[in-house]
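None of the figures in this text is laboratory data; all of them are computed from the coordinates on show. What you see is a predicted model; the values in this text were computed from it and never measured. FYI the Cβ positions are ideal-geometry reconstructions off the backbone, even for glycines, and counts take in every protein chain you see.
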Amino acid sequence: MQKIVIVGGGAAGMIAAFSAANNGKSVTLIEKNEKLGKKLYITGKGRCNVTANVNVPDFMLNVVSNPKFVYSAINNFTPQDMMSLLENHGLKLKTERGNRVFPESDKSSDVNKTLEKALINSGVDIILNTKVLKILVEDNVVKGVLTNNGEIPCDTVIVCTGGVSYQTTGSDGDGLKWAETFGHEIIPVKPSLVGIELKGQDFIEAQGLSLKNVSLTAKFEDKTVFTEFGEMLFTHFGVSGPIVLSCSAKINRLDLNKIKLVIDLKPALDFDTLDKRLLREFKENNTKIISNVMRSLLPKALIEIVLYRAGVPLDKNCSEISALERQSIIKTLKYFEFCVKKLRPIDEAIVTAGGINVKQINPKTMESKLIKNLHFAGEVLDIDAFTGGFNLQLAFATGYAAGKNC
C-alpha cells in the first residue's frame with residue numbers, strides 16, 4: 001500500500017489526510033503541536049468560519065491571488081462538499097450574513113473534534129508533538145521525512161505547514177524553507193487581512209470610532225485598486241475592520257508609499273443632495289455654530305477633523321458659512337483621505353500572502369514540478385482570499401486535491 005506522510009495538522013493537512021486515506025493510502029499525519037488544528041481554534045473569533053456557502057463562480061470572485069490556479073481544486077471540492085463532510089460526521093452547521101458558515105454550536109473546538117473523528121474513522125495514524133526537521137529526497141524523488149524522533153520512510157510527502165502568520169500556532173515558515181532548498185521560488189510573504197497604519201496624527205482623535213455604511217477606496221498612483229462598502233474602525237495605529245482587512249489583501253504587494261485611502265463618509269448621498277442637506281441644516285440652525293450643527297451629519301469624534309481639513313473654523317456661525325466653505329466640507333466628507341504608512345505586522349495578519357510560486361506546482365494534484373511525489377497544500381502556497389471562510393476553503397480544497405491525487 002502506498003505510504004503517505006503529511007506534515008502539518010491544520011486545515012489543509014487534516015483534509016489531505018482524510019482524502020488520501022479514503023483513496024486507499026496508508027496515511028501518517030505529523031503535527032508538531034500537542035493537538036491538531038491549533039489555528040482553527042482561533043479563527044472566526046473562536047467560532048470558526050469554516051467556509052463560504054456560495055457557488056464556485058462567486059467563490060472565485062473572492063480569491064485575491066492566483067484564482068486560475070485554485071479553480072480546479074475548488075471545483076472538485078466545493079464549499080458544499082466541505083459542509084457535507086462535516087455534517088456527515090455529525091457537525092451541525094449554520095449559514096450567517098455574508099454566506100459565512102459556522103458550527104451551530106459557535107465553538108471552533110467542535111470543528112476540530114469532528115475533523116479528528118473523521119481522520120480516526122478513516123484509519124489515519126496521527127503523530128503529535130513531533131517536529132519534521134527535513135524532507136528526504138534522492139534523485140529528485142521523495143523517500144521520507146526526518147523528525148526529531150527519527151526517520152519515517154514513505155512514498156509521498158504532502159507539506160501543509162501554513163504561512164508565517166500566527167506563529168504561536170506553529171506556522172513558522174518551515175515549508176517555505178524546504179521548498180526553497182528544492183529549487184522552488186518563494187514569492188515574498190506579506191501580511192494579508194490585517195489592519196493598516198496611517199501617516200499623520202489627526203486620526204488619533206477618532207480612535208475607537210466604528211463607522212458603518214461607509215465606502216473605502218484605495219488608490220495607487222491615482223488608479224483605483226480597491227473599493228468596498230461596509231464597516232471600519234479607527235484605532236491607535238490607523239484603521240481596521242472588515243473593509244480595511246479586505247483592502248489590505250489588495251494593496252500588500254504594492255508600494256505603500258504610493259497608496260492613498262479615501263473614505264466616503266456619505267456614500268448614499270451625491271454632491272448635489274449633500275449640498276441641499278447642508279443648506280437646509282444651516283438655514284434651520286443659522287444662529288448656531290457649525291461644530292454643533294455637524295452632529296446631525298457626523299459622529300462627534302470626526303467633526304473637528306473634518307472641519308479642520310475643510311478649512312472652516314469650529315466656532316463659525318452657520319449663517320456666515322460661504323458657498324466655497326460648504327463645498328469644501330462636502331468634498332472632505334466625500335473624499336476623507338489618508339496616506340498609508342504600512343500594514344500591521346504579519347503575526348497579526350489573518351493569513352499570509354505570498355509563498356511557493358504556483359507556476360511550479362501542478363494545479364490538479366498539488367505536486368511539485370521539481371521533486372517527484374512532493375506535494376504542497378494550503379497557505380504555504382501563494383494563494384489567498386478575502387475574509388468570510390474563503391481562505392479556509394482554499395486550504396481544504398488544495399489539501400483534498402493533494403490527498404486524492406498523490
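Key figures for this structure:
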| read-out | value |
| --- | --- |
| Estimated inter-spin distance, R253 and I120, nm [label 7 Å along Cα→Cβ] | 4.2 nm |
| Over the range 145-199: Rg over Rh, Cα atoms, Kirkwood Rh | 1.09 |
| Rough spin-label spacing in nm, given labels placed 7 Å along Cα→Cβ, for I186 and Q2 | 2.9 nm |
| FRET E, pair K92, D139, Förster distance 51 Å, beta-carbon r, rounded to 0.05 | 0.55 |
| Of (i) 50, 21, 17; (ii) 30, 28, 20; (iii) 52, 26, 20, the label for semi-axes √(5λ) of the Cα gyration tensor in Å derived from the coordinates | (i) |
| Of L324, L302, L216, the one that fluctuates the most in a GNM where the chain has Cα springs shorter than 10 Å | L324 |
| Where a label projected 7 Å from the Cα of K283 along Cα→Cβ would reach, residues of the range 290-328 with amide N under 14 Å | 319 |
| Share, in percent, of DSSP beta bridges within the chain that are antiparallel, nearest 5 | 75 percent |
| Cα Rg, Dmax (largest Cα-Cα span) when computed across the range 195-344, Å | 15.8, 51 |
| Label-to-label distance, nm, for residues given as K359 and E231 (7 Å Cα→Cβ offset) | 4.1 nm |
| Tilt relative to the chain, helix 271-284 - C-alpha long axis, 0 to 90 degrees, to 10 | 50 degrees |
| Candidate aspartates and glutamates - alpha carbon under 20 Å from K92, same-chain residues fewer than 8 apart omitted | D81, E104, D106, D110, E116 |
| 0 to 90° range, to nearest 10: angle between helix 11-21 axis and the chain longest Cα axis | 30 degrees |
| Helix axis angle, 79-88 relative to the chain longest principal axis, alpha carbon, degrees | 60 degrees |
| Ordering of 56-67, 229-240, 1-12, 376-387 by packing [mean C-beta count within 10 Å, highest first] | 376-387, 1-12, 229-240, 56-67 |
